[in-house]
1. When you check VAL77 against the structure, is it more than 16 Å from the ligand (Cβ to nearest atom), loosely packed, with under 13 Cβ neighbours inside 10 Å and either of a type outside the set (A, V, I, L, M) or under 18 Å from the mean Cα position of the chain (by Cα) (or both), yes or no?
2. Taking segment 126-144 only, how many residues are out of contact with any Ser or Thr (no Cβ under 7 Å at 6 or more places or on another chain) and either at pLDDT 95 or above or among the small types (Gly, Ala, Ser) (or both)?
3. Can you give me the number of residues within segment 106-134 that are part of a loop (DSSP other than H, G, I, E, B) and buried (at least 16 other Cβ atoms within 10 Å of the Cβ)?
4. So LEU64 fits all but one of (1) over 11 Å from the mean Cα position of the chain (by Cα); (2) within 16 Å of the ligand (Cβ to nearest atom); (3) assigned to a strand (DSSP E or B); what number is the exception?
5. In segment 37-47, what residues are more than 8 Å from the ligand (Cβ to nearest atom) and over 18 Å from the mean Cα position of the chain (by Cα)?
Amino acid sequence: MASSYAAAPAADKPWTPPYCSVVAVDTCSFFYRVCSVCERTLLDSDTECRFCSRRTPNPGSKRLYRILVSVGTVDRVLVVVFFDRAARVLMGCSADEWAAFLGAQPSARELAGELLRGEMLRMTLNPSRRGNAEHLRVASVAPLRAGFRPVVDRLRRLRAAGAGTSVEQTG
Ligand SMILES: [Zn+2]
């Protein structure tokens, strides 16, 4: 490529494009399950962590975010992955809380994608830890729009506005 503007990220260095705008959010899967003690990833078939269960009875599990998001920047669209810390900035709650929210309001899954679409973000992107062709990881994110509200805040407001005060009181 002749232009060096917004050049491709170096394979091993963080990259901070001037801005990114959200093109699409993969709303099929927001999170994955980990051991609540050591945070190792659990398989769907795992009831508990094989390592911690030797020392701790019922180590338990929790969810952490892993959200794939297509973002557009100066000259390209790319898919990046939001892990827990970065995802909380956009979502406004923990992954476990979001799972409970989805349980109570399944339509929030699609709505979350719609609410985030077009959001302008300043992000620092890190190469995949495994060093292969996987998606860039979001190391940090700051919304650029004045008055940005996380997804859960906006959904709660929508729900309160749309369904009247009775839902707000019980929810
Ligand atoms: Zn563990």
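1. Working: more than 16 Å from the ligand (Cβ to nearest atom): yes; loosely packed, with under 13 Cβ neighbours inside 10 Å: yes; either of a type outside the set (A, V, I, L, M) or under 18 Å from the mean Cα position of the chain (by Cα) (or both): yes.
In short, yes.
2. Of the residues in that region, 8 qualify.
3. Step one: list which residues in segment 106-134 are part of a loop (DSSP other than H, G, I, E, B), which gives 106-107, 117-119, 127-134.
Filter once more, so that each one left must be buried (at least 16 other Cβ atoms within 10 Å of the Cβ): 119, 127.
Of the residues in that region, 2 qualify.
4. Going through (1) over 11 Å from the mean Cα position of the chain (by Cα); (2) within 16 Å of the ligand (Cβ to nearest atom); (3) assigned to a strand (DSSP E or B) one by one, LEU64 breaks only (1).
5. Step one: of segment 37-47, the residues more than 8 Å from the ligand (Cβ to nearest atom) are 41-47.
Once the filter is applied, which keeps residues that are more than 8 Å from the ligand (Cβ to nearest atom) and over 18 Å from the mean Cα position of the chain (by Cα), segment 37-47 yields LEU42, LEU43, ASP44, SER45, ASP46, THR47.
One line per residue, one yes/no per condition, for (1) in contact with a helix residue (DSSP H, G or I) (Cβ under 8 Å, 6 or more places away or on another chain); (2) of a type in the set (Val, Ile, Thr):
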position: GLU39; (1), (2): no, no
position: PHE51; (1), (2): no, no
position: GLY60; (1), (2): no, no
position: TYR65; (1), (2): yes, no
position: VAL74; (1), (2): no, yes
position: GLY92; (1), (2): yes, no
position: ARG109; (1), (2): yes, no
position: GLU119; (1), (2): yes, no
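The values are calculated or read from the model by the stated rules, or taken from the named source; none is laboratory data. Computed from a prediction, not measured in an experiment: that's the story for all the values here. When we count neighbours, we look across all protein chains shown, and the Cβ atoms used for this are built from the backbone with ideal geometry, even at glycine.
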